[in-house]
Number of protein chains: 2
Amino acid sequence: MDLTKLLKPKSVAVIGASEKEGFGGDVCRNILTYVKDRSRVYFVHPKRDQVFGVPCHKSILDIEDTVDLMIICTSQKTVVPLLRDGAKKGVGGAVVFASGYGEVGTDEGRANEKELIETGEELGIAIMGPNCAGFVNYIDDVQAFAFISEKRDRKGSVGVVSQSGQLCLSLMECPSMRFSYCISAGNGKAVQMEDYMDYLVDDENTKVVSIYIEGVKNTEKFAAVLKKAAQKKKPVIILKTGRSTKGGAIAASHTGSLAGSDKSFDAVLKKFGAIRVDDLEELMAMSSMMATMPSIPEKATFTSMSLSGGETGICADVGSQYNLEFPDFEPETLASLKEQLPSYATPNNPLDMTATLSYDEDLFAEALRTVMRDPNIGMVLVGYTLLLEIADPAIHYMYKGIEKVVKEGSCKPIALLPFAENTRNPEYSTKLFEIGVPILPPTVYAFKLLRYLSDFIEYHAETKTLELAPGKPASKNSYALSEFNSKKELEQYGVAVPKAIIAASLEEAIAFTKGKDTPFAMKIESADILHKSDVGGVKLNISGEEAVTKAYNEIMESVTAKRPDAKINGILISPMLKAGVEMIIGVNNDPQFGPMIMVGMGGVFVELFKDVALYPAPLNHEEALEMLKSLKSFKLLTGYRGSQPCDIDALCDTIVGISKYASENKDELKELDINPIFVYPEGEGVGVADALIVKYEK
Amino acid sequence: MDLTKLLKPKSVAVIGASEKEGFGGDVCRNILTYVKDRSRVYFVHPKRDQVFGVPCHKSILDIEDTVDLMIICTSQKTVVPLLRDGAKKGVGGAVVFASGYGEVGTDEGRANEKELIETGEELGIAIMGPNCAGFVNYIDDVQAFAFISEKRDRKGSVGVVSQSGQLCLSLMECPSMRFSYCISAGNGKAVQMEDYMDYLVDDENTKVVSIYIEGVKNTEKFAAVLKKAAQKKKPVIILKTGRSTKGGAIAASHTGSLAGSDKSFDAVLKKFGAIRVDDLEELMAMSSMMATMPSIPEKATFTSMSLSGGETGICADVGSQYNLEFPDFEPETLASLKEQLPSYATPNNPLDMTATLSYDEDLFAEALRTVMRDPNIGMVLVGYTLLLEIADPAIHYMYKGIEKVVKEGSCKPIALLPFAENTRNPEYSTKLFEIGVPILPPTVYAFKLLRYLSDFIEYHAETKTLELAPGKPASKNSYALSEFNSKKELEQYGVAVPKAIIAASLEEAIAFTKGKDTPFAMKIESADILHKSDVGGVKLNISGEEAVTKAYNEIMESVTAKRPDAKINGILISPMLKAGVEMIIGVNNDPQFGPMIMVGMGGVFVELFKDVALYPAPLNHEEALEMLKSLKSFKLLTGYRGSQPCDIDALCDTIVGISKYASENKDELKELDINPIFVYPEGEGVGVADALIVKYEK
């Protein structure tokens, strides 16, 4: 749906214009306060001749102009008839503040919402809301916002869409936030969150797309928008609550239990290089930082210049908590700094530049140039606590120094890093903003944001499979495949399963094993028995006719006694796999995002340390390798304590094969569990010891 | 040393009083600005009759009063003669701003510092500094501070000592900080950081002791002060840099490498229940929170009341990241809340109280009373973003509601929790401070602080051994004990080592093993050979005379060939231990804090996951158990996946024994490494498979 008439209207009608408190009054007040060119803004009220001195039309039909956008400030019952009137005037967008829809949770509310959505579709009107707070388009000076905020210039390049009006308002009130658009989407059932995101990713006035979302509604569109942003390298920063709620029922299988839906959301963002933040302060500060800097640093490497050793120590410590890189300076940099700093100072990265430099704009500028010239440095943090009241003049000299260097051009990105309380002097905040220097929150937040920034810099869209494979199961009921059948399905996707037969009789078992040296694994083969060991259904390391006979009989006796109900296909016999590094590969088909691939080390590593990687299918070899590298236990694969390096290539191929299987079977697959898979030394591949596939009924 | 005359003087002389910029001028300006009763404050300058209109003495000797404190604003060379004059007037404390001492790193500087310290000791004068920024005593209105700050009432109950003047100033400038004392200790070589801490822990006007320290100088005093604070339950909050520097040389042994000195510092604070924070913002906000609240919550359990679902979600998510507890409300609480909230709301903890309540002080107060009445709740967080400019009146009603409830008495602790940018309206900040409601920083910081608070609440001094055992090795050179001798030493402390002999000949080996069923371990016994396997010095699972003979000969041949230099005591023979859960116990004798006990799971758990616990010796059974419980892999000891629960009691006893051994041998022990120790099922104890003690030469 085209949102141009909604978000970038040439003419606007405020329906229910008023001077009172409430939607109508607040919208009018905002328009009169902020909108300079009001020549095509029309106030409409059936009973008023004027509002705040502005002439008022009785009905939208009386306006002698086409109207792009209706801002409907009246109650729920009036909305649909008003839309029908609007359509006659060419309206293509409407903001609906009224509540009384889906959010009230009644049948009536849901019916109202359905009617509203259908009316919008019928008339070709893009509807924001209902139950929303509206929006501001700061670029084209459009005010359709229902809350009053402090008067201030907020025009900038962050495009915000929020499902919460309260958070939207908080963002608008943050002194450092400067917007292209600020959209409070409300219920977001007509025009959806994904539609607004799409608009903002396309919009050339928006440098950073900043989102508060409660959940994804349209996965395909969500993925498409994130893909577009990734390819454009436009930052999408997302705050989504629900990390702590144990989403959905606990999956029965071992791997499934590790892959909750919120974890899937994380993995999806990782794939598309979108940034997920933890709270509103982070959303605000991250957006503000990325929008304010004239460019993204070329390298995710930092230096900080502070006035004291204590502050420098804090930078080193907190920086290292977030794995930020403070590379060593080049010898030339160190030599220059030694000349510039007082004799007692020892230059290093992070840099204690001493307070001396902060009282001399030229010395400060020269030190800034010196660290910027260092090829190892991607971004400069000026460590200084900017307070509301300026008692100490240092910031004056430092600002002048920064300004000089910025105006010389070819400057690397700079940010101001305070050590406490970001109660910032408005004069210097504005000055710094205007030369492209954001002010970060204090260090713990700041270095967390710089970690996000580093990840963004190091993300490369061209190496990723920028798609998801959400499935549509025909049923909620599911059934398990037997081990033999599970392995057979996987074998078609290049997964190395051992040669095996199902022996339907003792004779077949003996015939298959006869004359072979390798010992065999013998397991009951039945889709009805998931926990084979529990019913005496597994015998390992069996060699020779006598042992095979004994094992066969014992398994059959035990299983038929314990599970007389089970349909038994026979006994699965395969050569024992030699031991290797034990891993687990799992797939959980997320109802929203499709199959999620899970990889982890076998046994206690996964369970006690939660050392798993999760990534949406489909994926390529490089993405599989990234998954493995993200494990703390990755070293076990690279030749740990003198053992041979493992066949990581073969393991990646296996992961890719499983992801292909999962994607192609997205509508049927419920979950898949390979536990364990043995990884052998380089060149010797992998071996799948056990596999279980659970499918949805068709 | 008594600091009363220094920090709580009855009469003060400013030496070098001046109207110019600089120490003398700034101190005078601060005194004239802040000190109301100046009847016993004397300005001294050899060439001035008056300063800012205040009459000036030519010398301290001219003052017709005794003088407790000299504030020496003059240069290094003048200081010692001035102190001698001061002593004649009864001076007991002096602030020395001058630099030119140890901090310049020259021999001359060090000599100056030595002279200064000795002069102070000789004259009985407690010297603050040199190279410091002085102090303010807000309780008794004493100004001896060399930096100018914004004029504001800062009297409160946080006692600050900082080794950095810059950080001290930043703390003073934080709008929410209110102090009893603010001390910039400078070099801190005369009166030391530990002395100031001791003073503040004793001081009844100081509720919270807030420290920036670069390193501990006097371990005994540091421990004694922390012990006193722990017993009084007075919070000591410490910012110490140096987390990221790889302190000291990498210890040779495996366990030593994990126990850096900064990690020891962490462990020491844990023992004494002091709070370590990560940056200045945390130091500031944590101190401010604990000082502002009228009392510490009785339980480390929280509720938050926010205006929207989004904000409530952020509380739940970020709170859970820091393992904060939001317990379920009691049914009565839920029932009451249901009556108070709008019909569409679903009360829960954390609580979305809806914006409705924020515009009605009585409704809000009633909801606040209701959640406070809930026995599960220890503290209430009011989730609301207080901005600099108030555009929305909600805070007015909420403040009134809070005030009402506070004034009724018997109120649980409350804090205001903003979601973004802590640019706080000064009027409401002050109002809230005055009724004991701190304003926290935004959520990521806030919940981190509440985690510290929870740990503080849950700390119980009476269960700890509140001492350290710092050692004084006679030499830096060290030597290893053989396995036999290492185990013999430990055996005396109740550590379960297997019965063993050193066979000096094959005959002895045969005689010891003869007729016994258990297999034996045979290992070369030599203090010169630390890596016995590498030289073919280990044979395991040896049974019967023939095997014993073969093993004996092979070991001897291999070792004498590979290490002809080694002094060999014979072959250590002991029964093979049965396998159990493999753990590691280590001791690293920290040069500052004494023996640090390290416990971890054997093998990759320690190396890949750094899953170790570190704690200072000596320790008791309960502390040993706490160490084990802090391991992620603790579950492996409690009966994991159907295995039997382990003999945790015996393991704790062993840890206590080792800690006793380490404490009693603190001057000699360098490190100790038990790797592995097997932990057996309950009632079956533990078994030490290998042990290595390294001692300092005497």
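So here's what we get for this one:
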| quantity | calculated |
| --- | --- |
| Strands (runs of 3 or more DSSP E) contained entirely in the range B:591-698, each with at least 2 residues that are touching a helix residue (DSSP H, G or I) at 6+ places or on another chain (Cβ under 6 Å) | B:594-601, B:612-616, B:669-679, B:691-696 |
| Matching residues, the range A:87-141, being of a type in the set (Val, Ile, Thr), under 30 Å from the mean Cα position of the chain (by Cα) and within 22 Å of residue A:164 (Cβ to Cβ) | A:95, A:96, A:104, A:117, A:127, A:136 |
| Members of the range A:26-40 that are of a type outside the set (Ser, Thr, Tyr), over 16 Å from residue A:134 (Cα atoms) and in contact (Cβ under 8 Å) with a residue 24 or more places away in the chain | A:36, A:37, A:40 |
| Selection from the range A:289-299 of residues that are open to solvent by less than 10 Å² (accessible area, probe 1.4 Å) and either facing chain B (nearest Cβ under 8 Å) or in contact with a Lys or Arg (Cβ under 9 Å, 6 or more places away or on another chain) (or both) | A:290, A:297 |
| The range B:320-344 - residue that is open to solvent by less than 50 Å² (accessible area, probe 1.4 Å) and of a type in the set (Ser, Thr, Tyr) and, of those, nearest to residue A:242 (Cα to Cα) | B:322 |
| Residue count, the range A:594-622 (criterion: touching a strand residue (DSSP E or B) at 6+ places or on another chain (Cβ under 6 Å) and either more than 14 Å from chain B (Cβ to nearest Cβ) or small (Gly, Ala, Ser) (or both)) | 12 |
| Pairs where the first residue, in the range B:570-585, is farther than 29 Å from residue B:639 by Cα and the second is of a type in the set (S, T, N, Q), C-beta under 8 Å, 6+ apart | B:570/B:505; B:572/B:482; B:573/B:513 |
| Hey, residue B:386 surrounded by 15 or more Cβ atoms within 10 Å (Cβ to Cβ) and in contact (Cβ under 8 Å) with a residue 60 or more places away in the chain or not | no |
| Residue A:529 being over 41 Å from the mean Cα position of the chain (by Cα) and in contact (Cβ under 8 Å) with a residue 24 or more places away in the chain | no |
| Hits in the range A:680-698 - residues which are open to solvent by less than 10 Å² (accessible area, probe 1.4 Å) and under 24 Å from residue A:590 (Cβ atoms) | A:688, A:691, A:693 |
| Residue among A:610, A:635 that is charged (D, E, K, R) and within 16 Å of residue A:681 (Cβ to Cβ) | A:635 |
| Residues that are away from chain A (no Cβ under 14 Å) and on the phi > 0 side of the Ramachandran plot, drawn from the range B:219-244 | B:233 |
| Qualifying residue in the range A:456-475 (condition: in contact (Cβ under 8 Å) with a residue 12 or more places away in the chain and within 14 Å of chain B (Cβ to nearest Cβ)) | no |
| Residues that are hydrophobic (A, V, I, L, M, F, W, C) and either touching a Cys at 6+ places or on another chain (Cβ under 8 Å) or open to solvent by 10 Å² or more (accessible area, probe 1.4 Å) (or both), drawn from the range A:647-679 | A:648, A:650, A:656, A:678, A:679 |
| Enumeration of residues in the range A:482-511 that are closer than 30 Å to residue A:647 by Cα, of a type outside the set (Ser, Thr, Tyr), touching a helix residue (DSSP H, G or I) at 6+ places or on another chain (Cβ under 9 Å) and open to solvent by 20 Å² or more (accessible area, probe 1.4 Å) | A:489, A:492, A:494, A:496, A:497, A:498, A:500, A:501, A:502 |
| Matching residues, the range A:320-344, being closer than 14 Å to residue A:364 by Cβ and in a loop (DSSP other than H, G, I, E, B) | A:341, A:342 |
| Filtered residues of the range B:236-258 (kept if of a type outside the set (Val, Ile, Thr), open to solvent by 10 Å² or more (accessible area, probe 1.4 Å) and either part of a loop (DSSP other than H, G, I, E, B) or modelled with pLDDT of 80 or more (or both)) | B:240, B:242, B:243, B:244, B:246, B:247, B:248, B:249, B:251, B:252, B:253, B:254 |
| Count of the range B:259-310 residues which are assigned to a loop (DSSP other than H, G, I, E, B), among the small types (Gly, Ala, Ser) and either in contact with a Pro (Cβ under 7 Å, 6 or more places away or on another chain) or touching a residue at least 24 places away in the same chain (Cβ under 8 Å) (or both) | 6 |
| Qualifying positions in the range A:519-537 - under 13 Å from residue A:547 (Cβ atoms) and either surrounded by fewer than 19 Cβ atoms within 10 Å (Cβ to Cβ) or aromatic (Phe, Trp, Tyr) (or both) | A:519, A:520 |
| Residue list for the range B:578-626, filter: at positive phi and buried (at least 19 other Cβ atoms within 10 Å of the Cβ) | B:594 |
| Tally of residues being under 20 Å from residue B:59 (Cα atoms) and surrounded by fewer than 21 Cβ atoms within 10 Å (Cβ to Cβ) across the range B:77-119 | 11 |
| Criterion: within 17 Å of the chain's Cα centre (by Cα), open to solvent by less than 10 Å² (accessible area, probe 1.4 Å) and at pLDDT 95 or above - qualifying residue of B:468, B:449 | B:449 |
| Odd one out for residue A:631 among (1) away from every other protein chain (no Cβ under 14 Å); (2) without any contact (Cβ under 8 Å) to a residue 60 or more places away in the chain | (1) |
| One residue from A:281, A:214 being surrounded by 20 or more Cβ atoms within 10 Å (Cβ to Cβ) and either at pLDDT 95 or above or not assigned by TED's automatic domain parsing to the domain that holds residue A:600 (or both) | A:281 |
| The range B:140-156 - residue that is within 17 Å of residue B:429 (Cβ to Cβ) and in contact (Cβ under 8 Å) with a residue 60 or more places away in the chain and, of those, least open to solvent (accessible area, probe 1.4 Å) | B:156 |
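The values are calculated or read from the model by the stated rules, or taken from the named source; none is laboratory data. Please read all numbers here as calculations on a predicted model, not as lab measurements. Cβ sites come from the backbone with ideal geometry, for glycine too, and all protein chains shown count toward neighbours. Note: areas computed on protein heavy atoms with side chains; ligands, DNA, RNA excluded. Shrake-Rupley method; radii C 1.70, N 1.55, O 1.52, S 1.80 Å.
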